[in-house]
Structure formats: structure tokens, C-alpha cells
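The values are calculated or read from the model by the stated rules, or taken from the named source; none is laboratory data. Keep in mind it's a predicted model, so treat the numbers as computed, not measured. Don't worry about glycine lacking a Cβ; one is built from the backbone with ideal geometry, like all the others, and counts go over all protein chains shown. Please note that ligands, DNA and RNA were not included when accessible areas were found on the heavy atoms of the full protein model with its side chains. Shrake-Rupley method; radii C 1.70, N 1.55, O 1.52, S 1.80 Å.
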Amino acid sequence: IRKCLSLLLIKYESSGINAEYGVAKAVEKKLLNKKKAGKAKAPFKRAEYFVNENYRSSMNIKRIGRLKHQVVKIPESVNIFFVMRIATVRGPMPQDVRKILQSLRLNELNNAVIVQRSDKMVKNLSMVEPYITWGYPSMRSVHGLVFKYGYGDVKGEKSALSSNLLIENTFSEQGLLCIEDIVKQLFEAGPHFSLITKFMYPFKLTPPKGGFRRVATSFKQNGAWGNRAEKINALVRKML
């Protein structure tokens, strides 16, 4: 501050203006600008905005209520699901939906996880379907995801699953010695499935070329969200 004041004094003295008066006016102008900046008003929102937000919120809740009770038929051979976050629906998000997405670690767009099949999981996925796409991944899809996008928590640091030595050092007690063992455990929902999924970070994928189309429409209606069953593998291939 002292340096700025001395520079101002020199400036005004050289120009013939009363130095003290000039400095005082400059400081006053700066303080006035700060005061105006501090009182910056929030963007004005019309009443229609709040009406529309309330309408979207009620529609989301009704839609999720319908999805909660839908019956999903899944082949007995399916042990795991591939789940990917693809959308953020406009309007407030219901609290139970937010909790499910957080438990799945799908807080960000294009994050994906592999989860184990269960009746509770099917119910949860049905409730959050407008935000995700999911299906039944093949061994090839799981292999590609782990090898290209697989990261694990190694001593508190995010590390790529790029070497068998890393797997052996981490899971030697479980008898897992290479990345192929990780892929097999995930695909077959083996006894160490939970341990591996806790160790691994969600897959951070790149959307298919051109992005997802019609994310506000279900896959059954040629949209993006919802259960793709075995067709999820075609989507995974586009992102590998």
C-alpha cells in the first residue's frame, strides 16, 4: 500500500495536481469500486423459473416412483452389472436417489462401476435409471475396462493396474497374482469381489463419439438411459 501511495504522490506532483488531494480521490474511487463489487446482485429469477423447477421436481419423484415398482427380468446366468452415470436430470434430485448414486460412487458423469447382482441392487438401479445406463457385461468388456481404465488405491495413492507385481503385492493373501485374476473375480462375482471393488476406483470413461443422444429418453424408446441388457457391450466397445 505504501508503495502504491508513493507512486501516486510522484504521479500527481509531476502533473502539477495537489498531491494529497489526488491520492485521496484515487483511494476513494478504489474503495467505491470495491463496495460496488461486494454488493453484486444475484441474477434475477422470475416466478416462472421456480414454478418450472417445482414441476420438474414433482415429475422426477413420480417417474422414480413408477420405476421403483417395475419388474425386471434378468437371465440366471448374469452375476454382475455394468453401471454408468450418463445424465443429470434438471430440477432438484430426490434424496433417496442421491444416496443411491453416492453409494454406487457415481457422483460424476461418465463414471462407471461393476456391481454384484442382487434383488436390492436391481431395485436401486431401477430407482436411478433416468441418471444411468446399465446392463450385463461380457468377459471381453470387463477385461477391456480393467486393462484400459483400471485404477486402484495403493497405500492411499491412485495407481494404474499396469503390472502383475502390483496385484501380487496387494492380494497375495487372497491368491490373486495377476490382472487376469482380477478380471476373473469381477466377471464371476468371485469370493473376493467386494474386496476388489473397494480397492478399485470407478472407471472414468470417455463418452462414445458424438456423445449420448436423447439422454432424457429411455433406451427402450431409442434413448440413452436404462437397462440395455447384453447390448451394453456394444456401448462399452465404443468407449474402449
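Answer with yes or no whether Lys209 is charged (D, E, K, R) and in a helix (DSSP H, G or I). No, not satisfied. For the range 165-205, filtering for residues that are basic (Lys, Arg) and assigned to a helix (DSSP H, G or I) leaves 2. Against the numbered list (1) open to solvent by 30 Å² or more (accessible area, probe 1.4 Å); (2) more than 24 Å from Ser126 (Cα to Cα); (3) touching a Ser or Thr at 6+ places or on another chain (Cβ under 8 Å), Ala160 comes up short only at (3). If only residues of the range 194-218 that are without any contact (Cβ under 8 Å) to a residue 40 or more places away in the chain and open to solvent by less than 20 Å² (accessible area, probe 1.4 Å) are counted, the one that is farthest from Thr88 (Cα to Cα) is Ile196.
Before we move on, is Ser172 farther than 17 Å from Ile80 by Cβ, at pLDDT below 95 and over 26 Å from the mean Cα position of the chain (by Cα)? The answer is yes for Ser172. Among the residues of the range 79-128, those identified as part of a loop (DSSP other than H, G, I, E, B) and closer than 16 Å to Asn233 by Cα are Asn79, Ile86, Asn110.
Confirm whether Thr197 is within 15 Å of Phe82 (Cβ to Cβ) and hydroxyl-bearing (Ser, Thr, Tyr). Before the answer, list the steps.
Values: within 15 Å of Phe82 (Cβ to Cβ): yes; hydroxyl-bearing (Ser, Thr, Tyr): yes.
The answer is yes for Thr197.
Within the range 131-162, the set of residues being of a type in the set (Val, Ile, Thr), part of a helix (DSSP H, G or I) and farther than 16 Å from Asn111 by Cβ comprises Val142 only.
When residues of the range 219-230 are filtered for being outside any strand (DSSP E or B) and either acidic (Asp, Glu) or open to solvent by less than 80 Å² (accessible area, probe 1.4 Å) (or both), how many remain? Number satisfying all stated conditions: 4.
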